[in-house]
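What follows draws every value from the coordinates through simple rules; no lab data is involved. Only a predicted model underlies this, so the values are computations on that prediction, with no experimental measurement involved.
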């Protein structure tokens, strides 16, 4: 028994916790007790008065409420997260294994359409990652629609190319506009996912990390295009390859993460003492 457990108030609190947590799996029960005990050992000084100790204990929260939260969380499968993540991962298989497949009459790669469907499921599914709040949900839906719709528009403009391989007028500018608008929409979406806090820490920040990686590559490509210098073809090729790797890796990571969180493989919440 640690010195902290010598305190009668602490012992009483831990007894209540042990009784309340008896319905939890043994592993999680021990983990929860260890988490709370670690906080008590850090926050309580041997010279503290009983009043100060009681204040620290109140900050942890009622044992029954903590366990009810654990019980409510543990058995829940976020099936929409699993489906959305599976669609994102599946989009890679479709896009890279069967790149010639397109949405009928739209000239949109089928892989991109599958990715968009995954984002939509995550936005409006039974366990929406934005809690179906207007701004975050609208941003995710707009991101999916923009990704597919802008590709379709580009394909229409691209049909104006000649057999000689000329670049259609305005196509390059259109590509930059598509990327920039898509980035702005994505910024709103990832900020909302992080702020709404449906997805647990630290995973709620994963879309932000992903967007940051994409932005770095995009900015580097944009700067290379603006310079217009000769002798940069090798660098352009390298950046293009890097962009493809980042795009593939980002989608794969987010898809697997959504599946893992939805299936409960990753802990969705770690107890944090209240500020009370």
* **Fully extended contour minus Cα-Cα distance, from residue 6 to residue 180, at 0.36 nm per residue** => 56.5 nm
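Quantify how much of the Cα-Cα distance distribution of the stretch 4-73 extends past 21 Å, in percent.
Every Cα pair in the stretch 4-73 considered, those over 21 Å come to 22 percent.
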